[in-house]
Amino acid sequence: MLDGSPIVVIATLKSNNRKTGDMVQTFMIRSDIDPVNAIKAMLDGAVCGTCVSRQNLGGKCYVNVGQSVLAIYRAFKRGIYPTANEGNLEHLRGRAIRFGSYGDPAAAPVSVWATLASLGSSHTGYTHQLTHRAFDPAILDYCMVSVDTPRSALKAHNAKMRTFRVKTEDGPLLPNEIECKADTEGLTCLECGICSGGQGVNVAITVHGRGAKKYTEKYGNANLIAVG
């Protein structure tokens, strides 16, 4: 949906992700080139759009594409994943589903997420494509807007959009935000469930992982600006 390139959405049913817990994970991957070479050739915009964390846009994505995502792509090419249909989608009924373990949910038709949301018990989903020329606002029924600064968050709030914001460790919360319960209570996404859907409280999380240093260098001062 972002640039017309061929992509596939793959759902994996088991996960050892310590932050999310055992949620169904969904990966958006180009179907015509492996994800590592897609990044090198700057063709990953098909699934990542204009996300500021894209490596070839100067960001530091937390996803290790050369491991799980590449393995999933190779498995797809071997033909091990059945095509989704009414029967096998029942495997997802009552499960918590993560929209976008790799890739932005806005890369796929909204109907994909509407179907999964109707089956799942809850879901998480975040989109960084608010300013993308091909952005479909219907995705906001299922996803929060991913933002990187207080000003971006406030702009989205004024437009009645729900946000998930990354902040520095010393960056304050906005008056209409809560801190991610992974930080405050050590809960997994599966245990928490607050981020499910496009309506509800706004959430902020302290930056972590291998991209933390680059984020702080880029957005540290923006996080400390007093925004009224």
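Each value in this text was obtained by applying a stated rule to the coordinates, not by laboratory testing. Remember, predicted model here, so these are calculated numbers, not experimental data. Because the Cβ atoms are built from the backbone with ideal geometry, glycine has one as well, and the counts that use them run over all protein chains shown.
A few comments on the model shown:
- Extension gain from GLU191 to ALA222, taking 0.36 nm per residue of separation minus the Cα-Cα distance: 8.0 nm
- Over all pairs of different C-alpha atoms, segment 69-146 has a mean inverse distance whose reciprocal, the Kirkwood radius, equals 13.7 Å.
- Fraction of beta bridges assigned by DSSP in segment 7-224 that are antiparallel (%, nearest 5): 25
- Per-pair calculated FRET efficiency, R0 = 22 Å: ASP22 and GLN67 via Cβ, rounded to 0.05: 0.75
- Point-to-point label distance, GLU169-THR12, nm (Cα→Cβ direction, 7 Å offset): 3.0
- Evaluating kT/(6 pi eta Rh) at 37 °C and 0.692 mPa s, with the Kirkwood radius of segment 97-185 over Cα pairs in the Stokes-Einstein relation, gives 234 µm² s⁻¹.
- Sorted by Cβ neighbour density within 10 Å, fewest at the top, the residues HIS128, HIS123, HIS91: HIS91, HIS128, HIS123
- FRET E, pair ALA75, ASP136, Förster distance 45 Å, beta-carbon r, rounded to 0.05: 0.95
- Nearest-0.05 FRET efficiency for GLU90 and ASN56, computed from C-beta distance (R0 30 Å): 0.15
- With helices as the sole contributors, the chain gives -6500 deg cm²/dmol at 222 nm; each DSSP H run of n ≥ 4 counts as -39500 (n - 2.57), and the sum is divided by every residue.
- The charge dipole of segment 7-224, taken about its Cα centre with unit charges on the Cβ of Lys, Arg, Asp and Glu (plus for the first two, minus for the last two), comes to roughly 480 debye.
- The average projected area of segment 7-224, computed from the convex hull of its Cα atoms over all directions, is 11.5 nm².
- Here the spin labels are modelled as points 7 Å beyond Cα on the Cα-Cβ line, and at ASN176 and GLN199 they lie 1.5 nm apart.
- Residues THR12, THR20, sorted so that the one with the fewest Cβ neighbours within 10 Å comes first: THR12, THR20
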